[in-house]
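Have a look at the structure below, then the notes.
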Amino acid sequence: NLYKEKYRPQYHFSPEKNWSNDPNGMVYYQGEYHLFYQYNPADVVWGPMHWGHAVSKDLIHWEHLPIALEPDADLGMIFSGSAVVDKNDTTGFFDGGKGLVAIYTTHLEREESPLQQQAIAYSKDNGRSWTKYEGNPVIENYGVEDFRDPKVFWHQKSEKWVLVIACDDRVRFYNSPDLKEWKYLSEFGSELGSHGGVWECPDLFRLSVENSNQEKWILQVGDQEGGEAGVSTQYFIGYFDGIRFEADEEKSHKVDFGQDLYALQSWSNMPDQRRVWLGWMNNIAYAEDIPTDGWRGMMSIPRELSLRNTKAGLRLIQKPVKELNQLREEFYHQENIFLEDELSISCNSQSYQLKAELEIDDESDFSLSLHKKDDQQSLLNYAGKTNSFSLDLSKTGLVDFNKNYLKEKNINRISSNNILLDIFVDYSSIEIFIDDGEISITDLVFPEKNSNEIKLSVNNSEIKINKLNIFEMNSIW
Ligand code: FRU
């Protein structure tokens, strides 16, 4: 009954069994998207970290592969990191050919404090087997406890590999000609952005601004205690010249307004021009207590990124990747109707996509119930007066497994045009994209089985539904 368990997501990646956290080593190579992930093969809680491994031909259907990297006798556990294609054999590992190189953190438990350093491993057979480099660690610890999660990319202008890594309350940049010898360049962030806890899992890349030929650099980094209920993730917009990152503003922006999206990583070496990432859909404040059975931890859906000039300034835009469309079966369709009271729809399944365009004014006030069954529901409320949403998960099913889980969220819209909703519901999650990717809200929920009702209720003046589509999502398993 694998993948039929009560809370098992049907179109999100999750390991067959036991504990998983961050996505790692995401790289596209020779027709396959690789997804490695923090994995404890022995238990459903965090423990000795390995890199689990899966591959996909379409970003959606995953095939599980054996564990890729196991803890090291000398250097310790395998923490988060990234992977690149060494096209020109800069490492010399590939006899003039090419192959994959993983760059990751090793974590050694010691009596005083743990030791975190950076190491590399390479694969000549499309990630199926890995050899750890005999010269590890390639970056030694420089006297800080938290020194982890290297993300590496090829920087064309300087013709060097660039590495960004989280170190306590900041990130550091290094570069290298060969992935083995690394030179420290600069650091960023100690005085800027959100600092509830240590920084983790950075990513750095260029993005173009929609409808323009402008490009900007995005630095994404997690704050381990940055949210009201634990983790949060933020991004800075700015410029990276190969040595230094300079942010346009001192402030960072939230990547997501829920509480269950963390450790985001984008794929390197994509076969097209897209920048696509996904994150661990969980929160370290309660991750070990979520009530799933035999397995723990899932990934968000992959999201395509861009930048948009919004009314509030430049903002990161996240849109579900188009590959998801292959899973859907149209179940419900409605156009151009006025709604005065309520609309109830009963789905056949608890995994679906709901898309809507709603015409509103300052009097509008509506609620959308998802995962509804009797008085259980996940409730998304909209208030026209403040042009804001709130998400109430207090009646969504099992909520008392950890006191940090329940937090009501208030989210201000940026746009004031028609509301665009694109919502992905799975057995134990909700991902809400508002206004064509301007706002994302990602949350875990634990409803009863067959929580299949959807209800849209208007609490004040009528609203016009320009369009409403519901698609059932087929299982990827
Ligand atoms: C983030 C994190 C990383 C670390 C990994 C260990 O969730 O704490 O910083 O590398 O998890 O599993």
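The values are calculated or read from the model by the stated rules, or taken from the named source; none is laboratory data. Computed from a prediction, not measured in an experiment: that's the story for all the values here. When we count neighbours, we look across all protein chains shown, and the Cβ atoms used for this are built from the backbone with ideal geometry, even at glycine.
Find the strands (runs of 3 or more DSSP E) located wholly in the range 419-477 whose residues include 3 or more that are modelled with pLDDT of 95 or more, more than 30 Å from V209 (Cβ to Cβ) and not hydrophobic (A, V, I, L, M, F, W, C), and list them.
Numbers: elements: 419-426, 429-434, 439-444, 453-458, 463-473.
In the range 419-477, the matching strands (runs of 3 or more DSSP E) lie at 453-458.
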- request: Considering only the range 284-315, state which residues are within 16 Å of the ligand (Cβ to nearest atom) and either assigned by TED's automatic domain parsing to the domain that holds Y39 or part of a strand (DSSP E or B) (or both).
  value: R296, M299
message: Can you find, within the range 266-283, the residue that is modelled with the lowest pLDDT among those that are on the phi < 0 side of the Ramachandran plot, away from the ligand (no atom under 16 Å from the Cβ) and not in a strand (DSSP E or B)?
response: Q273
- prompt: Does the range 453-465 contain at least one residue that is surrounded by fewer than 16 Cβ atoms within 10 Å (Cβ to Cβ) and closer than 22 Å to D289 by Cβ?
  reply: no
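Scan the range 220-227 and give yes if some residue there is of a type outside the set (S, T, N, Q) and surrounded by fewer than 20 Cβ atoms within 10 Å (Cβ to Cβ), otherwise no.
Our first condition is that a residue be of a type outside the set (S, T, N, Q); within the range 220-227, this holds for 221-223, 225-227.
Then drop every residue that is not surrounded by fewer than 20 Cβ atoms within 10 Å (Cβ to Cβ), which leaves 225.
Taking every residue of the range 220-227 in turn, at least one turns out to be of a type outside the set (S, T, N, Q) and surrounded by fewer than 20 Cβ atoms within 10 Å (Cβ to Cβ).
Taking the range 316-347, which residues are outside any strand (DSSP E or B) and farther than 27 Å from L278 by Cβ?
Start the filter on the range 316-347 by keeping residues that are outside any strand (DSSP E or B), which leaves 321-327, 340-341, 347.
Those that are outside any strand (DSSP E or B) and farther than 27 Å from L278 by Cβ: E340, D341.
Would you pick out the residues in the range 246-277 that are of a type in the set (F, W, Y) and buried (at least 22 other Cβ atoms within 10 Å of the Cβ)? Quick ask: steps written out before the conclusion?
Just the residues of the range 246-277 that are of a type in the set (F, W, Y), to begin with: 257, 262, 267, 277.
Result: Y262, W267.
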